[in-house]
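A quick write-up on the structure given underneath.
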C-alpha cells in the first residue's frame with residue numbers, strides 16, 4: 001500500500017506548524033447518516049419541478065471517481081458505504097486517499113422528513129461500532145482491523161447545558177478509550193449549539209473555542225483527535241485557536257451549497273487565518289461537475305489560484321464540457337457567506353465576515369424573501385422585521401418561536417458538510 005497523503009501532510013504540519021503550506025482536503029460523503037434519501041443529491045435526470053435524487057449506487061460511483069482522481073486527502077463515508085468500497089472493493093489499497101467513517105451520529109443531525117429531532121437538544125448516539133468500521137463485523141481479530149477504515153469522525157454538540165454537555169463528554173470519553181485500545185484514529189467535529197438561545201450570539205466563537213480547549217485539556221497525545229472540524233467563525237476566532245496551540249490542527253466544515261464563490265472564498269479565507277483542513281460535503285455534492293469543482297478547491301488549497309479566478313476558470317471548464325451551470329458567471333460570483341437567507345423562510349442570518357470583506361462589503365441587506373434591500377413594504381408573507389445586529393450576529397430575542405425553529409432547521413441544512 002502506498003503512503004497516504006494525509007499522514008505526510010500531518011507530519012509536515014507538525015514539523016513546522018507556522019511555516020508549512022500543507023493543506024488537507026476532505027470530501028464528506030457521509031450524509032446518508034443524516035439526510036437519508038436526499039443524501040446522494042440531485043439526480044441529473046430530474047425534470048423541471050420534479051424532486052428526484054440519485055440512487056445510492058450512483059452516489060458510490062461518484063465517490064469512486066473522486067478517489068481515483070486523487071484530488072482529496074480524505075474520503076469520509078458512512079460505515080455501510082465504507083464496507084462496500086473499502087472492505088469489499090478495496091478502493092483505497094493503492095490510493096493516497098485515506099478512507100474515513102462517521103463514527104457517531106448525534107440526534108441533532110437526524111434530518112428525517114416530518115421529524116422534529118433537529119429542533120430538540122442534541123443527544124449522543126452511535127450507530128456504527130468501531131469493529132464494524134474496521135473489519136465489517138463484531139469482534140474483529142487483530143489481523144482484521146486493517147481491512148476497513150481506521151479513521152473516524154466523532155461529532156459533539158455543546159448546548160451550554162451542564163447535564164446534556166456532561167453526557168456528551170462522557171460518551172466522547174468512552175469513545176476515545178475504545179478507539180485507543182483498538183488503534184482507531186479520529187478527528188473531532190464540534191458543532192455550534194443546536195438550541196438558538198444556548199449562547200449569546202456574540203459570545204459563540206469564544207464559547208466554542210473554550211469548549212474545545214477545555215475538552216482536550218485532559219486528553220493526552222494517544223487519545224487526541226488528529227484535527228478539528230468546526231464552523232468558521234471568522235478571522236479572530238480562527239487566529240485565537242491556532243495561536244493557542246499550533247499543533248491543534250483546525251479544519252472547517254463547508255456548509256450549504258451556496259454559490260461557487262462562497263465555497264472557494266470560504267476555503268481561501270479560512271486558510272489565510274490558520275485553518276489547515278477543509279471538509280466540504282454539500283458544496284461538492286451539489287456542484288455541476290464534482291471532479292472539476294474539487295480540482296479548483298485543490299488549486300486554492302495549494303495556493304496556486306485565488307478564489308475569484310477559480311470561479312471564472314470553473315465556468316470555463318463547464319463550458320468546454322458542455323455542462324449548463326446552475327447560475328450565470330455573474331450570479332455565481334456573488335458572495336452570500338456574510339448574509340444568508342435560510343430555507344426560503346425570509347429569516348436573514350449574519351455570520352462573521354472576514355476582515356477584508358467587512359470593509360468592502362457595504363451592500364444593503366435584504367430582510368425578506370423577495371430580496372427587497374430598501375427595508376420598505378413588500379408583498380412577502382413571511383417578512384422578517386428584525387435586522388442583523390451590527391456585530392454580525394442574530395438577535396434571537398426578536399424572533400418568534402416558529403422563526404427560531406425555522407432558523408435551526410435551516411442551519412442544519414447549511415452545516416451538514
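Could you tell me whether segment 161-183 includes any residue that is farther than 16 Å from residue 134 by Cβ and part of a strand (DSSP E or B)?
Looking through segment 161-183, none of the residues is farther than 16 Å from residue 134 by Cβ and part of a strand (DSSP E or B).
Which of the residues that make up segment 127-155 are surrounded by fewer than 18 Cβ atoms within 10 Å (Cβ to Cβ) and under 23 Å from residue 111 (Cβ atoms)?
Listed by number, the residues that qualify are 127, 129.
Does residue 26 fit the bill of being touching a helix residue (DSSP H, G or I) at 6+ places or on another chain (Cβ under 8 Å), buried (at least 16 other Cβ atoms within 10 Å of the Cβ) and in contact (Cβ under 8 Å) with a residue 60 or more places away in the chain?
Here the answer is no, as residue 26 does not meet what is asked.
Would you confirm whether or not segment 220-232 contains a residue that is touching a residue at least 40 places away in the same chain (Cβ under 8 Å) and more than 20 Å from residue 104 (Cβ to Cβ)?
Scanning segment 220-232, I find at least one residue that is touching a residue at least 40 places away in the same chain (Cβ under 8 Å) and more than 20 Å from residue 104 (Cβ to Cβ), so the answer is yes.
May I ask you to say which residue of 287, 292 is assigned by TED's automatic domain parsing to the domain that holds residue 54, in contact with a helix residue (DSSP H, G or I) (Cβ under 7 Å, 6 or more places away or on another chain), closer than 22 Å to residue 61 by Cβ and not in a helix (DSSP H, G or I)?
Numbers: 292 fails: not in a helix (DSSP H, G or I).
Step by step, each of 287, 292 is checked, and only 287 is assigned by TED's automatic domain parsing to the domain that holds residue 54, in contact with a helix residue (DSSP H, G or I) (Cβ under 7 Å, 6 or more places away or on another chain), closer than 22 Å to residue 61 by Cβ and not in a helix (DSSP H, G or I).
Can residue 115 be described as surrounded by fewer than 19 Cβ atoms within 10 Å (Cβ to Cβ) and closer than 27 Å to residue 192 by Cβ?
yes
So the check is Cβ under 7 Å with 6+ separation or different chains; which pairs have a first residue in segment 122-150 that's on the phi > 0 side of the Ramachandran plot and a second one that's outside any loop (DSSP other than H, G, I, E, B) and modelled with pLDDT of 95 or more?
136/83; 136/87; 139/131
Go through segment 238-270 and report how many residues are part of a loop (DSSP other than H, G, I, E, B) and under 15 Å from the mean Cα position of the chain (by Cα).
The qualifying residues number 5.
Checking the structure you have, find out if any residue of segment 212-223 is modelled with pLDDT of 95 or more, under 19 Å from the mean Cα position of the chain (by Cα) and surrounded by fewer than 20 Cβ atoms within 10 Å (Cβ to Cβ).
no
In segment 62-83, which residues are closer than 22 Å to residue 134 by Cα and surrounded by fewer than 18 Cβ atoms within 10 Å (Cβ to Cβ)?
Hits for segment 62-83 are 64, 68, 80.
Looking only at segment 43-54, decide whether some residue is within 29 Å of residue 2 (Cα to Cα) and in contact with a helix residue (DSSP H, G or I) (Cβ under 6 Å, 6 or more places away or on another chain).
No, the conditions are met nowhere in segment 43-54.
Could you list, in sequence order, all residues of segment 233-265 that are crowded, with 19+ Cβ neighbours inside 10 Å, under 21 Å from residue 6 (Cβ atoms) and in contact (Cβ under 8 Å) with a residue 40 or more places away in the chain?
249, 251, 253, 254
The values are calculated or read from the model by the stated rules, or taken from the named source; none is laboratory data. Just so we're clear, the structure is a prediction, and the values are computed from it rather than from any experiment. Here Cβ is always computed from backbone atoms with ideal geometry, including for glycine, and neighbour counts include all displayed protein chains.
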